[in-house]
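Novice: The structure follows.
The values are calculated or read from the model by the stated rules, or taken from the named source; none is laboratory data. Note that the structure is predicted; figures quoted are calculated from it, not measured. Cβ atoms come from the backbone with ideal geometry, glycine included; neighbour counts cover every protein chain shown. Only protein heavy atoms, including side chains, enter the accessible area calculation; ligands, DNA and RNA are left aside. Shrake-Rupley method; radii C 1.70, N 1.55, O 1.52, S 1.80 Å.
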Amino acid sequence: MKPVSVSKGFVEQFVLGEGDLRFAVKDTLAVAGFPTRAGCRALENAPDAEHHASVVTTLLGKNCVLTGKTTLHELAFGVTGINAWGGTPLNTRFPDVIPGGSSSGSAAVVASGEVDFSLGTDTGGSVRMPAACCGVIGLKPGYGVLSRQGVMPEESSLDCVGVFTRDAAVLRQTMTRLGVTVDEPLSALPAMSFLSVATPEIDACLRAFLEQHSVQPRDARLPLFADAHRAGLTIISRENWLALNPLLESGEVSADVASRIRSGADVSPEALDAAEQIRRDFSAQLDVLLAQTPLLALATLPELPPTLSEAQDPLSVVNLTRLVRPFNLSGHPALSLPVGERHGRPVALQLVAAKGHDGLLVQAAEWLTQRRRH
């Protein structure tokens, strides 16, 4: 499975039974007996983990079979998924397009059919973005819904364990096994708002998709949306500096990732305070909108994802997260759903729900994908 998988030998320990689901996990989640390297040469000699991450333990106790760990953008700090040391996973449906970061391998193994679902992490779009690039479903639950025990980095006010699947039925099964309540399938979608923030071509594509399903969303406004993206960048920069800067002493962190880590040292207390104020204000603004319409729809990516050759400078594509990162800041659950292609590149719809309503996103994905097949 190289370069998608960095560790083998899991599946031989189990025999698949009826109802079992095969899964893989991003190599920032601990798996007992295997090192956590996070796609970074500086962690090449990391010791084997003594315990599974909490979510892995839960799934193994719920008829799920772990088949491997997946590669990622180095130290989960990038959006392209390109990794010269750990390997860049093949985006099987769109081989010229980046697999997306940082959970690139987790999206790729689901898209290729190697597993039924996979786990990634999402600090600033790192599940939803690769899901959009690889043409699969990616769910970022609300902050704190799934345990981060045994997940690298240990401390984060933004990061969430998330799930990739090819279809909504498996997403329902996975979230249920993880202890998240998903009510019975919807007979109709609840009211929806639409935020026009991508290129006109992508927004038109998404509106056409919704209209095909007889969904007529209201126009939405979130005045603090761009500020929330910038505030999220400020906070992740500081938190990753605190978590990752000891690795820089090895000299084995790639130049672009090392540069991003170092930038966090310059984040002032005043900048952090301002970012936290935006977090509170934006979250409240979003709560008001979602009280009026239980679902918010917008693009996952602001433009079509770049090709591998177009994305050789990782720092040039950081703004691809500007439509996903605000919901890490606010802590609301968000899901990316593939809806089509333009010019041979994937287009994805992002749905956002109120805190505590993660199950509604699963139901909405079911409703939309079932009607797409008929």
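Novice: So, in region 177-212, exactly how many residues are touching a strand residue (DSSP E or B) at 6+ places or on another chain (Cβ under 9 Å) and not in a loop (DSSP other than H, G, I, E, B)?
Specialist: So the count comes out to 13.
Novice: Please pick out the residue among 38, 76, 32 that is more than 17 Å from residue 161 (Cα to Cα) and either β-branched (Val, Ile, Thr) or open to solvent by less than 40 Å² (accessible area, probe 1.4 Å) (or both).
Specialist: Going through 38, 76, 32 in turn, just one is more than 17 Å from residue 161 (Cα to Cα) and either β-branched (Val, Ile, Thr) or open to solvent by less than 40 Å² (accessible area, probe 1.4 Å) (or both): 32.
Novice: Quickly run through region 283-316 and pick out the residues that are under 16 Å from residue 345 (Cα atoms) and at pLDDT below 95.
Specialist: 309, 310, 311
Novice: Here is a follow-up. Here are the criteria: (1) open to solvent by 60 Å² or more (accessible area, probe 1.4 Å); (2) among the hydroxyl-bearing types (Ser, Thr, Tyr); (3) within 26 Å of residue 73 (Cβ to Cβ). Tell me which single one residue 214 does not satisfy.
Specialist: With respect to (1) open to solvent by 60 Å² or more (accessible area, probe 1.4 Å); (2) among the hydroxyl-bearing types (Ser, Thr, Tyr); (3) within 26 Å of residue 73 (Cβ to Cβ), residue 214 is out only on (3).
Novice: Say whether the condition of being under 30 Å from residue 17 (Cα atoms) and of a type in the set (Asp, Glu) is met by at least one residue in region 67-77.
Specialist: no
Novice: Taking region 302-319, which residues are open to solvent by less than 10 Å² (accessible area, probe 1.4 Å) and under 26 Å from residue 224 (Cα atoms)?
Specialist: The answer is 302, 305.
Novice: Which residue, of 5, 54, is of a type in the set (S, T, N, Q) and either open to solvent by less than 20 Å² (accessible area, probe 1.4 Å) or at pLDDT below 95 (or both)?
Specialist: The match here is 5.
Novice: Going by what's in this entry, would residue 272 be described as in a helix (DSSP H, G or I), under 30 Å from residue 42 (Cβ atoms) and either modelled with pLDDT under 95 or open to solvent by 40 Å² or more (accessible area, probe 1.4 Å) (or both)?
Specialist: Judged against the criteria, residue 272 is a match.
Novice: For region 91-99, does any single residue satisfy the condition of being of a type in the set (A, V, I, L, M, F, W, C), crowded, with 24+ Cβ neighbours inside 10 Å, within 27 Å of residue 233 (Cβ to Cβ) and within 13 Å of the chain's Cα centre (by Cα)?
Specialist: No.
Novice: Moving on. Consider only pairs whose beta carbons are under 6 Å apart and that are at least six residues apart or on different chains; among these, list those whose first residue lies in region 282-300 and is under 16 Å from residue 125 (Cβ atoms) and whose second residue is outside any helix (DSSP H, G or I) and β-branched (Val, Ile, Thr).
Specialist: Cβ pairs passing all conditions: 296/352; 298/197.
Novice: Which ones in region 224-269 are small (Gly, Ala, Ser), assigned to a loop (DSSP other than H, G, I, E, B) and closer than 14 Å to residue 76 by Cα?
Specialist: 254
Novice: Inspect all residues belonging to region 189-205 and state whether any of them is touching a Leu at 6+ places or on another chain (Cβ under 6 Å), closer than 28 Å to residue 116 by Cβ and touching a residue at least 12 places away in the same chain (Cβ under 8 Å).
Specialist: No, because not a single residue in region 189-205 is touching a Leu at 6+ places or on another chain (Cβ under 6 Å), closer than 28 Å to residue 116 by Cβ and touching a residue at least 12 places away in the same chain (Cβ under 8 Å).
Novice: Residues of region 333-374 being assigned to a strand (DSSP E or B) and either open to solvent by 50 Å² or more (accessible area, probe 1.4 Å) or modelled with pLDDT under 95 (or both), which ones?
Specialist: 341, 342, 345 - these are the residues of region 333-374 that are assigned to a strand (DSSP E or B) and either open to solvent by 50 Å² or more (accessible area, probe 1.4 Å) or modelled with pLDDT under 95 (or both).
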